[in-house]
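The values are calculated or read from the model by the stated rules, or taken from the named source; none is laboratory data. These numbers come from a predicted model, not from an experiment. With ideal geometry, Cβ positions are generated from the backbone for all residues, glycine too; neighbour counts draw on all protein chains shown.
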Amino acid sequence: MLKIKNLSFDVQSEGQNKEIIKDISIEVPDGKLFVITGPNGGGKSTLAKLIAGIEKPTSGQIIFNDTDITDMSITDRAKLGIGFAFQQPVRFKGIQVLDLIRIASGKELSITEVCSYLSKVGLCAAEYINREVNSSLSGGELKRIEIATVLARGSLLTVFDEPEAGIDLWSFSNLIEVFERQRREIKDRSILIISHQERILNIADEIIVLKNGVLETKGTKDEVLPALMGTSSAVKECRGVNN
Amino acid sequence: MDLNNIQKYLLKEIADITEVPQGAYNIRSDSQSIGRQSTENVEITPKEGVSGLDIFIKPNVKDETVHIPVVMTKSGLKEEVYNDFFIGDNAQVLIVAGCGIDNCGAHDSQHDGIHRFYVGKNAKVKYVEKHYGSGDGAGKRILNPVTEVYAEEGSTVEMEMVQIKGVDDTTRTTVAELKKGASMVVRERLMTHEEQQAFSVYTVNLNGKDANADIVSRGVARDNSFQKLDLKIVGNAECKGHTECDSIIMDNGKILAVPALEANDVDASLVHEAAIGKIAGEQLIKLMTLGLTEAEAEEQIINGFLR
């Protein structure tokens with residue numbers, strides 16, 4: 001599905017070259033759920049943005065289903081089948097939930113079909129379908145709508161950037177259920193989640209730990225998770241849900 | 001009433017009608033009334049001496065509708081039209097106006113519509129006005145609407161004022177006088193492109209206790225176009241007023257927003273907001289991750305913003 005080869009990403013900060021991602025190689029096969037964890041500032045979100053095309057790497061290659069997408073635009077990657085759920089969902093004046101889900105699906109979905117995506121993320125569809133995706137919605141509501149758009153998109157590979165960030169506890173429990181269901185229904189699709197949450201790490205096929213831009217550890221959940229317990233890379237849901 | 005294709009598509013754009021509307025109506029095309037109908041509760045009569053209509057809506061009526069769209073299809077026409085609405089106490093009415101100009105010629109076409117609303121006590125009026133220009137002639141499409149509202153006690157006026165596209169030059173002037181407990185809500189949407197310019201001037205006077213106004217203007221200025229938004233609320237009593245200019249600039253567009261408040265009573269509570277900026281990069285990125293190109297994403301964002 002996804003092959004990341006020797007990927008590096010540098011930025012210029014105060015006249016200095018700063019390496020955010022250093023020579024990372026990862027392979028995500030079809031039908032797998034990968035979780036990337038690690039301390040804050042370790043490069044996780046940057047890696048997610050490099051995969052979606054929001055940032056361009058300094059060196060290295062990204063291959064998606066045998067196509068080199070390293071220099072492809074965000075749009076072309078989306079069309080090939082890469083989905084991306086933002087850590088901080090974007091607000092739009094005037095665009096309604098219904099519009100956004102229809103855009104995501106690329107089809108003129110019926111109201112019933114749109115409602116089914118909202119129900120999957122625990123929103124009462126009738127209340128939300130004509131709401132504008134603007135600041136009248138709470139962080140938790142926006143996050144769930146963001147997840148609903150990604151579900152409607154139905155990408156081959158979906159990247160979730162810290163889905164737990166900025167949401168309340170109730171939304172978080174609901175979110176875990178969404179991912180558990182996604183995990184059960186994964187088929188040949190793949191999911192990549194950036195997260196510190198123990199419950200999300202628990203449903204991973206493989207866990208990757210990024211630290212200071214370097215791939216520190218990777219392996220199956222059983223190999224990697226025990227050593228992470230009690231660290232900032234695997235927190236319980238009562239901590240960090242409002243970070 | 002036979003309509004040609006240009007008339008039909010202009011009417012569709014400005015009044016969303018494809019056939020003779022229900023209720024009372026007057027359809028004006030190239031300076032002539034081509035269809036008019038009064039109803040039991042709404043009387044439309046032509047003015048004498050000047051061009052225009054007197055429209056009387058009886059007191060206590062409910063769910064009445066009045067359509068008075070204007071289309072211009074001949075290049076070089078200039079007209080000034082006075083329409084006065086007399087809305088009876090407790091009446092509830094939807095009024096759909098709007099003007100579409102198709103100018104394929106070399107001469108300017110201009111429609112200056114002066115609409116005066118005398119809104120009776122506790123009446124409820126919804127007014128929808130859409131402006132649209134088309135045609136590839138060098139002559140300009142010019143619209144200078146003047147809207148005057150005189151709202152009696154407890155009445156409610158809701159106005160949707162939209163300039164869809166294609167209007168080269170416009171000065172939009174709205175003046176309102178609100179008595180005790182009267183309420184006015186305005187949602188203006190302005191889109192300018194190419195070399196167009198738009199001036200929008202509001203002066204809303206809150207003269208009675210508990211009068212309130214909420215005036216929101218959203219604009220998009222593309223290409224080399226220019227917009228000036230001059231929104232003023234005057235509080236002359238214990239009242240509430242809010243005015244907001246919210247604009248997107250693109251290309252070489254320019255916008256000058258001048259929200260203004262004047263409080264002449266210590267219990268007047270007035271707020272203004274203004275924001276101008278380009279489309280947020282993160283909005284474009286989000287829609288591009290959903291498979292839209294940058295241009296498609298821009299269109300979606302603007303269409304939503306001007307909805």
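If I ask for residues that are in contact with a helix residue (DSSP H, G or I) (Cβ under 6 Å, 6 or more places away or on another chain) and in contact (Cβ under 8 Å) with a residue 24 or more places away in the chain, which ones from segment B:249-283 would you list? Within segment B:249-283, just B:Ile279 meets the criteria.
Here is a yes/no grid of residues against (1) surrounded by 15 or more Cβ atoms within 10 Å (Cβ to Cβ); (2) within 14 Å of chain B (Cβ to nearest Cβ); (3) among the aromatic types (Phe, Trp, Tyr):
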position: A:Leu156; (1), (2), (3): yes, yes, no
position: A:Phe160; (1), (2), (3): yes, yes, yes
position: A:Ile167; (1), (2), (3): yes, no, no
position: A:Lys187; (1), (2), (3): no, no, no
position: A:Ile208; (1), (2), (3): yes, no, no
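Output the residue which, of all residues in segment B:69-78 that are in contact with an Asp or Glu (Cβ under 9 Å, 6 or more places away or on another chain) and surrounded by 17 or more Cβ atoms within 10 Å (Cβ to Cβ), is farthest from B:Ser31 (Cα to Cα). Step by step, filter segment B:69-78, then rank; the result is B:Ser75. Considering (1) out of contact with any Lys or Arg (no Cβ under 7 Å at 6 or more places or on another chain); (2) closer than 28 Å to B:Phe199 by Cβ; (3) hydrophobic (A, V, I, L, M, F, W, C); (4) surrounded by 14 or more Cβ atoms within 10 Å (Cβ to Cβ), the lone condition that B:Ile249 does not fulfil carries the number (1). Only one of the numbered conditions (1) buried (at least 22 other Cβ atoms within 10 Å of the Cβ); (2) on the phi < 0 side of the Ramachandran plot is not met by B:Gly98, and that is (2).
Residues that are within 11 Å of chain B (Cβ to nearest Cβ) and not basic (Lys, Arg) within segment A:61-78 comprise A:Ser73, A:Ile74, A:Thr75, A:Asp76, A:Ala78, listed in sequence order.
Being more than 14 Å from every other protein chain (Cβ to nearest Cβ), surrounded by fewer than 21 Cβ atoms within 10 Å (Cβ to Cβ) and part of a loop (DSSP other than H, G, I, E, B) is the requirement here; does B:Ala237 meet it? So B:Ala237 passes the test.
Which one is surrounded by the most Cβ atoms within 10 Å (Cβ to Cβ), of the residues in segment A:114-136 that are away from chain B (no Cβ under 11 Å) and in contact (Cβ under 8 Å) with a residue 40 or more places away in the chain? Among residues in segment A:114-136 that are away from chain B (no Cβ under 11 Å) and in contact (Cβ under 8 Å) with a residue 40 or more places away in the chain, the one surrounded by the most Cβ atoms within 10 Å (Cβ to Cβ) is A:Val121. Candidates are the residues of segment B:41-83 that are in a strand (DSSP E or B) and of a type in the set (S, T, N, Q); the one that is farthest from B:Val128 (Cα to Cα) is B:Thr45. Residues that are in contact with a Gly (Cβ under 7 Å, 6 or more places away or on another chain), more than 10 Å from every other protein chain (Cβ to nearest Cβ) and part of a loop (DSSP other than H, G, I, E, B) within segment B:258-307 comprise B:Asn264, B:Asp265, listed in sequence order.
For A:Ile51, the conditions (1) modelled with pLDDT under 95; (2) among the β-branched types (Val, Ile, Thr); (3) surrounded by 22 or more Cβ atoms within 10 Å (Cβ to Cβ) all hold with the exception of (1).
If you filter segment B:22-38 down to residues that are surrounded by fewer than 21 Cβ atoms within 10 Å (Cβ to Cβ) and in contact with a Ser or Thr (Cβ under 7 Å, 6 or more places away or on another chain), you find that the one that is modelled with the lowest pLDDT is B:Gln22.
Scanning segment A:36-64 for residues that are in contact (Cβ under 8 Å) with a residue 40 or more places away in the chain and touching a helix residue (DSSP H, G or I) at 6+ places or on another chain (Cβ under 7 Å) yields A:Ile36, A:Thr37, A:Gly38, A:Ala52, A:Glu55, A:Pro57, A:Ile62, A:Phe64.
Residue-level check: of (1) under 19 Å from the mean Cα position of the chain (by Cα); (2) over 25 Å from B:Leu306 (Cβ atoms); (3) not polar (S, T, N, Q), B:Gly105 misses just (1). Taken across segment B:172-179, residues that are closer than 18 Å to B:Asp265 by Cα, surrounded by fewer than 18 Cβ atoms within 10 Å (Cβ to Cβ), over 18 Å from the mean Cα position of the chain (by Cα) and among the basic types (Lys, Arg) do not occur at all.
Restricted to segment B:101-132, and to residues that are acidic (Asp, Glu) and surrounded by fewer than 21 Cβ atoms within 10 Å (Cβ to Cβ), which residue is nearest to B:Val175 (Cα to Cα)? Once the filter is applied, the top-ranked residue is B:Asp112. Restricting attention to segment A:123-149, the residues that are closer than 21 Å to A:Phe172 by Cα and in a helix (DSSP H, G or I) total 14.
Right, A:Ala152: outside any helix (DSSP H, G or I), closer than 18 Å to A:Leu192 by Cα and not polar (S, T, N, Q) or not? Criteria not met by A:Ala152.
Looking only at segment B:195-218, residues that are in a loop (DSSP other than H, G, I, E, B) and farther than 24 Å from B:Lys140 by Cβ come to 5 in all.
Within segment A:79-113, if we keep just the residues that are away from every other protein chain (no Cβ under 14 Å) and not acidic (Asp, Glu), the residue that is surrounded by the most Cβ atoms within 10 Å (Cβ to Cβ) turns out to be A:Ile111.
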